[in-house]
Amino acid sequence: MSAPADPLVVADDAAVSDHPGQKAPSAVVVRGRRSLVLRRFRRRRGAMVALGVLVLMFVGAFLGPVIYQAITGWTYSTQDYTAFLQPPSPDHWFGTTQIGQDVFAQTMRGLQKSLIIGLLVALISTGLAAVVGACAGYFGGWVDRALMWGVDLLLVIPSFLVVAIISPAFQSAGWLVLVFLIAIFAWMITARIVRGMTLSLKEREFVLAARYSGVSSAGIIFRHLIPNMSSLLIIDATIAVATAIIAETGLSYFGFGVQPPDVSLGNLIASGTRSAFTFPWLFLFAGGLLVATTLAVSVIGDALRDALDPASSRAGGTK
Amino acid sequence: MSDVGDDVSQVPLLSVRDLGVVFPGGEDGDVPAVRGVAYDLAPGEVLGIVGESGSGKSVSSLAVMGLLPRNARVTGSVRLRGVELLGRPDGELARIRGNDIAMVFQDPLSALTPVYTVGDQIAETIRIHQRLAAGPATQRAVELLDSVGIPNAAQRAKAFPHEFSGGMRQRVMIAMAIANDPDVLIADEPTTALDVTIQAQVLELLETARQLTNAATVMITHDLGVVAGIADRVLVMYAGKAVEQGPVGPVYAAPRMPYTIGLLGSVPRLDRPGQTLTPISGSPPNVSRLEPGCPFASRCPVVLPVCREVEPELTPTAVGSAACHRADEIVDGSIDGVPVFPPPVLAQARGLVARTERPAVLEVREVTKRFDITRGAVMRRKVGSVSAVDGVSFDIREGEALGLVGESGSGKTTTIMEVLSLQAPAEGSIVVHGKDVAGLGRRERKELRRDIQVVFQDPLSSLDPRLPVGDIIDEPLRSFDVPRAERAARVGELLRLVGLAPEHANRYPADFSGGQRQRIGIARALALEPKLLVLDEPVSALDVSIQAGVLNLLEDLKVRLGLAYLFVAHDLSVVRHIADRVAVMYLGRLVEVGDADDIFERPTHPYTQALLSAVPIPDPVAERQRERILVRGDLPDPANLPSGCRFRSRCPLFVELEPGQQQRCAEEDPALVEHVPGLASACHFARERTVVPG
Ligand code: SF4
Ligand code: SF4
C-alpha cells in the first residue's frame, strides 16, 4: 500500500475495502440494516423459491376455490351424492370423501385457515416471547418479577383446562380467537430463554454505548437486544407454525374454533389418517400441503437467519 | 555441534533447531503456528522472545516443554545438554519437566490444582523429583514460599490457590517452578495479567530466582520494555518465524528488520513524551494462508519486488541475525537516510489560552460512591459499606486531556461510570458544561449526552455485531432525530475522519480488525460532536503495532476538533503520550494531581513514584540504570483499610521515616494539597523525586 495522501488515512487494514477511497464519496450509498439484510436474503435462491411457494399457496388457498367452483361447480360444503370415496378425477381433482365432499375444495378451504392460523400464531407467540423476555431481562427489578410471575403462572396452568372452561364464552367468536388462545399458551418457555439471553447480552458494552448515546430503552430492546437473539427467535417461530396447525386440531375436539362444515388442514389430516393407506387422497393432499408449508417456512427462516447474522458466510458479502 | 560426540562443555545447555509446529485441520487448513525457530541458551542466560498475539511465541515454548496437544506435529530438534527431547515418550518428558525444565504460566490459577493447598502441591513436586519424605518436603515447600516473598509462609502454605491474589499466585507458581532447581526456566507472559507494581515485584523475583538457581531463562512477552529490562538476548517472532535475533542492546539500538523497527517505533515511551509514534499498517497475516515471500511484505513500507517471491532467511548481521532482504541497507532504522517508517504528520497544537481561562467541560467535586457489603443468603442484611470512590475531585478544561491512572481496584472505572450516568451522585456533585447533573430533567439529561460521549475498552463487545457499521455510527444521530439525508452524509464524513472509507459503512463489525473496530467506536462517539470524550482504556485490548495508529488518531482528533479527553488507563506510557494533566488514583482516592510533565518528571507522592518506576522502558541501557521503587505487598482489603494514610501498608517511604513521622502517617489522613507549585499530592512527606530518566 502506498502512503495515503491524508496522513490520517492510516487504516489498519486496507484489505477490508478492495479499493479504499477510490470511489467518489458521493457514489457510496450508506445502506441501513434493513436493506442490507434484504439484499443478503434475496441472494438465497432457495429462500426465494420457498417464498414463491408460500405465496402460491396463499393465492391457491384464496383464489383456488373460486376458480374451482367456476370450473367444476363444487365448494367445500356441497356434497356430490353420485361420488362417494372416489379417487382423483377431472370432476373431483383430489377425489371425494365418504359423504361425497370434494377433497380439493375442502383442502383449499382448510389451507386458508391453517396458513393464517400457523403464521399468526407463530408471529404472536414468538413476538410476545421476545418482548416479554427482553423487557424482563433488560429492566430487571419489579418489572422482571411481575412478568416472570405471569410466565410461571401460565406455565403451571393446564392450558386445555382453561380452554375448556372459557370456550363456551367464546363459542361464537369464531376461529380468530383460536389463534390468540393457541398463541397465549405457546410463548412462555421461549420468553424464559430470551430473558436469560438478555441478561447476558445487556452486560455487553454496546448496550451501554447505546444508552450513553441517548437511545431509549425501547430502542435498545428492539434495535439491539432482539436482533441479537434473532436466530433463536426465528427457529422458534418456524417450529411454532407447524405446532399451531396441529394444535388447532386438538382444540377443535373441544368444539372450538374451526367447526364442521368448515374445515382446516388439521382436521382434514386427523380424519384422513385413518384411511391413509386405503384411500390415500383423503390424507395425502392435506398432509402434503402441511409439509410444504412447514418446509417453506423453515427454508425462509433459515435464510433470514443467515441474512441477519453477519458471521454467516453462506449469505455472502454485503455488496 | 549436532555431533553427540562433542565435548560436553561445548554443548549449549538448551539448543533449539529448526523448530516447527503444525496444527492440522484449522478452518483454513493446517495451521503452521511455528515455522522455524532456533536458539541456544547458556546457563544463567536470559532470552526474551517477543511477538504479537498469534506470532507463535508461546507455541514454540510449549513445544520445547513437550506440552502441546497430541495432534500437533512438531519437527526440528530440541536438545537439553545434547540430549534430544523431541519424540520422547510422555513419561520421560514428565520427569524432565519439573526436574530440568520448569515453566511459569500467564494464568497461574489454571496451572495450579484448585482442590489441593499450595503447600501440598509444591511438596508433591519436590517428592516426585527428589525422593524426599513427606515431612522434609513440606518443610522445604514452606521455605520456598518464604523465599518468593509470601508473608506468613507456614500458614499460607495451607491455603488454596483461589485464596491468593494474582500476584501472590504468580509467586507460588515461581516457587513451584524453582522447587527442583531447574536448569531452564520458561516464563510465558508471566506478568501480563498483573498490575504494573505487581509486575515489577514478580520480575524482580524472577531475577532473584534466576540468580539462585543459575537457570537459563526464556521470557516470552509482548512487552518490549520487560525484555529490555531483564533479557540478555532477544528473539523477535512474526508469523511463526524468528525474524530478528541478537543481543538486546544492539538490537534495540539498531534493529535491522523492518518489523522490529516498526514495533519499537510504535510503543509509546515514558521517557519520550513528545515522540510521534509510527504505526505499522495492516494486521498480521493468517498463517494458514501465507503468500510466498516475506510474511511482512504486505505491511512493510520498504518492500521490494523480490520480497514477494523469496522468503528471506535469518542471516547474520553485524550483531545478530535478521530475516530481511534489505537488512544490510538498513542503518539506524533508515535506508539512505530515509526512515523505514516515516513519522506521520499530525495536527500540531495551536497556542492555547492559559488553562485557567478556558471553560471547564467537566467538574467533579467530592464524589463518593459506596457499595454495601451484605451477609447471609436468605436474610440479606447490610454489614457495612466500602467506598469504591471516596471524595474524588477534578476538573477538565476545554481541549485538555486528563489521564486518570491507577491499578485495578483503584476506583477509576467506578468514577467514569458515575460521570457517564449523568445522574446525581450519592455524595458530591458532577457538573458538565456548567450544568449540575443533579438538577436535570429527563430531556435535559438527554440533551447533555451530546456533550459527553464514550469509547470503550473492548472494541469487540462495544459494537453490536448485528448492525452494519453505518447504522452503528448513525445511532446517536438517530436518537437525536437528525434527518435521514444529513445522517447518511455525516456517517461518510465520520468514517473518513477516523481513517476508514465511507464504503465501510455497509459492512459488519466482524469484517474489521481490532484497531479498525476501535476507530468505528471513536467515530460513533464523535457523531454528536461532543466536547468531552471519555476513553476507557481505549488501546489496552490492541496489539502494540495497532495501538500506535489509534493513539495517533486520538491525538490528531484532539487538536483538530478541540476535544477534551477523560482518558482512563493503567498503562502509564500511553497516558504519558496523550495526557496534558494526570490524576493518580489509589483505593478510591486521588493521591496526586498535576500537569503531566510535572507528574512524570518530578512526582512527589510515593505511590506515583513507585508506579512510574515500575513501568518498563523499551531501552535496555536506560532501563537497566533505573532505580526501582517497589511497593510492598498487595492492595489491602477495601473493607479493612489501614488507619491514617491509606497507602501506609505499602508505602516505600513510610519504612524509611523516623518513628515520630511514621506515627503521623498512621494517625492523620493526608489531604490532597499542593506541596510544590502545580502538584497536589496526598502525602505528609511529599517530596520531588525523578524516577523516569529524561
Ligand atoms: S524482506 Fe522485504 S518485505 Fe520483508 S521486511 Fe525486508 S524489506 Fe520488508
Ligand atoms: S503519608 Fe506517610 S504513608 Fe502516606 S504516602 Fe506519605 S509517607 Fe507514605
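The values are calculated or read from the model by the stated rules, or taken from the named source; none is laboratory data. None of these values were measured; they are calculated from a predicted model. For neighbour counting, all protein chains shown are included, and Cβ atoms are generated from backbone atoms with ideal geometry for every residue, glycine included. Note: accessible area is taken over every heavy atom of the protein model, side chains too, but ligands, DNA and RNA are not part of it. Shrake-Rupley method; radii C 1.70, N 1.55, O 1.52, S 1.80 Å.
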Restricting the range B:429-461 to residues that are at pLDDT 90 or above and within 26 Å of the chain's Cα centre (by Cα), the residue that is farthest from the other protein chains (Cβ to nearest Cβ)
B:Val455
So if I check each of B:Glu627, B:Glu668, B:Glu674, which one is open to solvent by 30 Å² or more (accessible area, probe 1.4 Å), near ligand 2 (Cβ under 10 Å from one of its atoms) and either within 14 Å of chain A (Cβ to nearest Cβ) or of a type outside the set (A, V, I, L, M) (or both)?
B:Glu668
Any residue that is of a type in the set (Ser, Thr, Tyr) and over 32 Å from the mean Cα position of the chain (by Cα) - is there at least one of those in the range B:345-368?
yes
Can you tell me which residues in the range A:189-201 are crowded, with 20+ Cβ neighbours inside 10 Å and either free of Cβ contacts under 8 Å to residues at least 24 places away in the same chain or more than 10 Å from every other protein chain (Cβ to nearest Cβ) (or both)?
A:Thr190, A:Ala191, A:Val194, A:Arg195, A:Thr198
Sole miss for B:Ser545 among (1) buried (at least 24 other Cβ atoms within 10 Å of the Cβ); (2) away from ligand 2 (no atom under 16 Å from the Cβ); (3) not assigned by TED's automatic domain parsing to the domain that holds B:Gly391 is condition (3)
Of the residues that sit in the range B:502-529 and are more than 8 Å from every other protein chain (Cβ to nearest Cβ) and either polar (S, T, N, Q) or part of a loop (DSSP other than H, G, I, E, B) (or both), which one is most open to solvent (accessible area, probe 1.4 Å)?
B:Glu529
When the range B:530-542 is examined, which residues are found to be open to solvent by less than 10 Å² (accessible area, probe 1.4 Å), touching a residue at least 60 places away in the same chain (Cβ under 8 Å) and away from every other protein chain (no Cβ under 11 Å)?
B:Leu532, B:Leu533, B:Leu535, B:Pro538
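Where in the range B:27-108 are there strands (runs of 3 or more DSSP E), lying wholly inside it, with at least 3 residues that are crowded, with 21+ Cβ neighbours inside 10 Å?
Counting at least 3 such residues, we get B:29-41, B:46-50, B:101-104.
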Looking at the structure I just gave you, is B:Thr221 under 18 Å from the mean Cα position of the chain (by Cα), farther than 22 Å from B:Glu313 by Cβ, crowded, with 20+ Cβ neighbours inside 10 Å and more than 16 Å from ligand 2 (Cβ to nearest atom)?
yes
Conditions (1) open to solvent by 20 Å² or more (accessible area, probe 1.4 Å); (2) in contact with a strand residue (DSSP E or B) (Cβ under 8 Å, 6 or more places away or on another chain); (3) within 12 Å of ligand 1 (Cβ to nearest atom) -> B:Pro301 fails only (2)
Would you call A:Phe222 under 25 Å from the mean Cα position of the chain (by Cα), assigned to a helix (DSSP H, G or I) and at pLDDT below 85?
no
Residues located in the range A:26-48, provided they are without any contact (Cβ under 8 Å) to a residue 24 or more places away in the chain and surrounded by fewer than 17 Cβ atoms within 10 Å (Cβ to Cβ):
A:Ser26, A:Ala27, A:Val29, A:Arg34, A:Ser35, A:Arg42, A:Arg45, A:Met48
Which listed residue is at the interface with chain A (Cβ under 7 Å from one of its Cβ atoms), touching a Lys or Arg at 6+ places or on another chain (Cβ under 8 Å) and not in a helix (DSSP H, G or I), from B:Gly499, B:Gly470
B:Gly499
Starting from residues that are part of a loop (DSSP other than H, G, I, E, B) and polar (S, T, N, Q), keep the ones in the range B:240-291 and report whichever is least open to solvent (accessible area, probe 1.4 Å).
B:Thr278
Which residues, taken from the range B:545-579, are over 19 Å from B:Ala347 (Cα atoms), within 14 Å of another protein chain (Cβ to nearest Cβ) and assigned to a helix (DSSP H, G or I)?
B:Ser545, B:Ile546
Scan the range B:639-654 and give yes if some residue there is open to solvent by 20 Å² or more (accessible area, probe 1.4 Å), within 10 Å of ligand 2 (Cβ to nearest atom), touching a Gly at 6+ places or on another chain (Cβ under 9 Å) and among the hydroxyl-bearing types (Ser, Thr, Tyr), otherwise no.
yes
Among the residues of the range B:312-332, count how many are within 13 Å of ligand 1 (Cβ to nearest atom), crowded, with 16+ Cβ neighbours inside 10 Å and not hydroxyl-bearing (Ser, Thr, Tyr).
9
Within the range B:337-355, is there a residue that is at pLDDT below 80, touching a strand residue (DSSP E or B) at 6+ places or on another chain (Cβ under 6 Å) and more than 16 Å from ligand 2 (Cβ to nearest atom)?
yes
Of everything in the range B:147-197, what is under 23 Å from the mean Cα position of the chain (by Cα) and among the polar types (S, T, N, Q)? Give them in sequence order.
B:Ser165, B:Gln170, B:Thr191, B:Thr192, B:Thr197
Output the number of residues of the range B:395-432 satisfying the condition of being more than 26 Å from B:Leu551 (Cα to Cα) and assigned to a loop (DSSP other than H, G, I, E, B).
5
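Results for (1) more than 22 Å from A:Lys113 (Cβ to Cβ); (2) at pLDDT below 80; (3) surrounded by 22 or more Cβ atoms within 10 Å (Cβ to Cβ), shown as yes or no for each residue.
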| position | (1), (2), (3) |
| --- | --- |
| A:Leu232 | yes, no, no |
| A:Glu248 | no, yes, yes |
| A:Pro261 | no, yes, no |
| A:Trp281 | no, yes, yes |
